[in-house]
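The values are calculated or read from the model by the stated rules, or taken from the named source; none is laboratory data. The structure displayed is predicted, hence computed values, not measured ones. Using ideal geometry, Cβ is built from the backbone for each residue, glycine included, and neighbour counts are taken over all protein chains shown. Protein only, heavy atoms only, side chains kept; ligands, DNA and RNA dropped before computing areas. Shrake-Rupley method; radii C 1.70, N 1.55, O 1.52, S 1.80 Å.
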Amino acid sequence: MTVGDGSEAGAAVAGIDVGGTFTDLILVDGRTSPARVVIAKTPTTVDNQAEGVVAALMQSRAPVAELGLVVHGTTTTTNAVLERRLARTGMITTRGFRDVIELGRRTRPRAYGMTGTFRPVIPRDLRLEVDERMEAGGLVRVPLDEDGVREAVRTLLERGCESLVIHFLHSYANPSHEKRAAEIAAGLWPNDQITTGHSLLSEAREFERGVTAAVNASVQPILKRYVTRLSGELSRLGYGRDFLMMNGNGGMISAAFVADEAAKTVMSGPASGVMAAAYSARRAGFADVVTYDMGGTSTDVALIRGGQPAVSNEIEIEYAMPIHVPMVDVHTVGAGGGSIARVNPAGLIEVGPRSAGAVPGPICYGRGGTEPTISDANLLLGRLNPRRLLSVDSPASVDAIRSVFEERLGRATGLDGASAAGAVLRLANVKMAGAIRMVSVARGRDPRDFALFAFGGAGPLHACALARELAIPTVIVPARPGITNALGCVVADLRHDFVRTVNQPVPVLDERAVSGMLAAQAEEGRAQIAKEAIRPKSIRVVHSADMQFVGQTHLITIPLPDAEIRREKLQALFEEAYFARFKVRLPEVHANLVNLNTSVIGVRDEVDLSTLIEPAGRAANLAGSLVETRPVWFDGEWIDTPVHAREKLPLEAAFEGPAILEQLDATTVIEPGCSVRQDGDGNLIVGVGQAR
């Protein structure tokens, strides 16, 4: 189905991603042929991320008033949740159920010892109860006490609440009580920051639905203030249109109403990188890839099959923090360039999860950092060039960093500085390989069947070593690995997701009713896309079902070929998916259809990636890109290694490792035994050979 005329075609589009260390910008100007590409990278301004966005725009020297579109990915909500810097929020819930979001499930943060603490999103004194009760079938058992709602609203306002959640039992089956309570609250609440559980997540589980609604309400004021602030800054610079923001599902939404469902922006930063990886890998001819995004504070990995990233409704951001809105299924570990290495009480070296962050950062940044990090280890071992570090005015010397490694790590372990740095790299690689196994082996997938797509400022430094560890045969390093998340903002489509609980055994399903639910969700998605700031060139609708065997708890998401539901086909699809995951067949047990999911995707115009590196700057041959030769540490041995300027590599370059490739946004390490060729988009396709 074609919609509109693709009105953004030919416009200059700026994608801006705010990371933990840097704010990245990529501008693709389609008004020229070939498209002109401008990149910028500035330090993230933690206290006010909008300042970093403006700084990136200024560094790009782009006339902001002439931009056709700005697409923005932000860590505002993610950081607010992880750091618990949340708005004061109140909840009104069914009498007797105020503690649901605190009791949670029977899991524990530590399986042995029964230790650990959990702090709910909304404290108990701000969770108030009113009389009402809805049955699971949707029938009213206890009418809503409207006066009780009014009293609860007034009490929460007196207690200083800025945002409100209305979360009633079984509202997914019949939302009338939640809707009426929201109407009453709207007459008393001083703003529009009122979240109803059913409108955000119409699924059966009260704990997950309640936590999701609580997170949404708690970050909504924070996101609204940020969007208002950034809108004002862009307007001051002459930008006259609405801008778009990334959601955690890998799609975009207009900033004008992104805060209505603020929880959907959590984890949007990692999602944008996965979308760019899927887009770039498809163009390079790779449909099945593991994405590997190593930044300054963490590493994010995800699985892409058939060119499509996995999207899950079952993401848990931290212990007892399930946010059950569709998100790109990303697994995160605390291993980034700024991850700090230390010797634990047992005398063993550990890496992360504590990070040096942007300030003071690693020692090599010269901003006052004193603790050894992964970035420092890479510099000490010749993999990073101290003269090429971004945004560093006075980098620390290699000798000073060696002394820190010897003092902090070597003295307790009997290693010299270089060996201690090598141990840090090996430990970091083991940790990151474990994350990749979590999204592949743990889910029944063999990593050897995938290519490793490495990006982020630090990802290409470790990619070849990781691929060897996992026996992955091919590594892909994109043309601009350090700004891949920003590129995701440029290439991502519009997207709206919908979930509806059915919770019935397959043999008793009303096929017509279920098909009607999917059709209704698709229609609602089309209506939402019609309100967006841009017109997509086409609309694609994707349906899936969350299913389980009757009596089970955990869900498996099953892609549906179309909206026409047939009981026998649904049972067969689930049985095949279950066997693929667990290698067990249970034909005598009926499947249960829990949720129906619909994704409505507004497909945008293609973006030409061939000019991400300026073609005119490429050398005529490989010798023309050579910068120097320097000793680099590989597996305990120092090897004289050629260092090339990545931007000057001939387009059809092909060579063998070892090699170091330096560019503005990242450094790539090609290990001995690996072979490299470059494709038409400037991607490095690395064949991973065995270590010598």
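Observations
- Dividing the summed helix terms, -39500 (n - 2.57) for each DSSP H run of n ≥ 4, by the number of residues in the chain produces a 222 nm estimate of -9000 deg cm²/dmol to the nearest 500.
- Straightening the chain between residue 606 and residue 235 buys 130.8 nm, computed as 0.36 nm per residue apart minus the Cα-Cα spacing.
- For the stretch 250-402, convex hull volume per residue from C-alpha positions, Å³: 171
- Taking amide H as placed 1.01 Å from N in the peptide plane, residue 593 has its amide H under 5 Å from the amide H of 504, 506, each at least 5 places away in sequence or on another chain.
- Shape call, the stretch 416-490: gyration tensor on alpha carbons, a/c limit 1.5: oblate
- Each residue of the stretch 255-264 was assigned a 3J(HN,Hα) from its phi angle through the Karplus expression (A = 6.51, B = -1.76, C = 1.60, θ = phi - 60°), giving 4, 4, 10, 5, 6, 4, 10, 4, 4, 6 Hz with x at Gly and Pro.
- Take residue 228: with every protein chain present and a 1.4 Å probe, its accessible area is about 100 Å².
- Over the stretch 591-673: Rg over Rh, Cα atoms, Kirkwood Rh: 1.29
- Taking all protein chains together and a 1.4 Å probe, the residues 579, 207 rank 579, 207 from largest to smallest accessible area.
- When the alpha carbon gyration tensor of the chain is reduced to an equivalent ellipsoid, its three semi-axes come out at 43, 28, 27 angstrom, largest first.
- Take every Cα pair under 8 Å whose residues are at least 6 apart in sequence, average their separation, divide by the length of the stretch 220-323, and the relative contact order is 17 percent.
- Using the alpha-carbon positions of the stretch 460-553, Rg (one decimal) and Dmax (whole number) come out as 20.7, 55 Å.
- Solution diffusion estimate, µm²/s, Stokes-Einstein, the stretch 1-110, Kirkwood Rh from C-alpha pairs, 20 °C, viscosity 1.002 mPa s: 122
- At q = 0.15, 0.28 Å⁻¹ the log10 of I(q)/I(0) for the stretch 317-377 amounts to -0.58, -1.07, computed by Debye summation with a single uniform scatterer per C-alpha, solvent ignored.
- Dividing the Cα radius of gyration of the stretch 108-234 by its Kirkwood radius returns 1.03 for Rg/Rh.
- Among residues other than residue 593 with Cβ under 10 Å from its Cβ, the summed charge is 0 (Lys and Arg +1, Asp and Glu -1).
- Entries in 41/224; 264/583; 179/264; 224/531; 537/648; 264/537 that, when Cα-Cα distance is taken, lie over 27 Å: 264/583; 537/648
- Heavy-atom accessible surface of residue 539, to the nearest 10 Å², is about 20 Å², with a 1.4 Å probe and all protein chains retained.
- Distance histogram in 10 Å bins (all Cα pairs of the stretch 350-408, percent per bin): 24, 62, 14
- D by Stokes-Einstein for the stretch 178-229, Kirkwood Rh over Cα pairs, 4 °C, 1.567 mPa s: 108 µm²/s.
- Here the 3J(HN,Hα) profile of the stretch 38-47, calculated from phi with Karplus coefficients 6.51, -1.76 and 1.60 at θ = phi - 60°, is 10, 10, 8, 8, 10, x, 5, 9, 4, 5 Hz, Gly and Pro shown as x.
- Heavy-atom surface of the stretch 45-179, accessible at 1.4 Å and reported per residue (Å²): 50
- Amide H contacts under 5 Å for residue 45, placed H, 5+ residues apart: 52
- Taking 0.36 nm per residue of separation and subtracting the current Cα-Cα distance, fully stretching the chain between residue 344 and residue 387 would add 12.2 nm.
- Quotient of C-alpha Rg and 2.2 N^0.38 Å, computed over the stretch 41-176: 1.52
- Were the residues from residue 397 through residue 354 laid out at 0.36 nm apart, the gain over their Cα-Cα distance would be 13.1 nm.
- Close amide H contacts of residue 495 (hydrogens built in the peptide plane, cut-off under 5 Å, sequence separation of 5 or more or a different chain): 252, 602.
- Hydrophobic, long helices, defined as DSSP H runs whose alpha-carbon span along the helix axis is 20 Å or greater and whose mean Kyte-Doolittle value is at least 0.0, occur in the chain at 268-284, 417-439.
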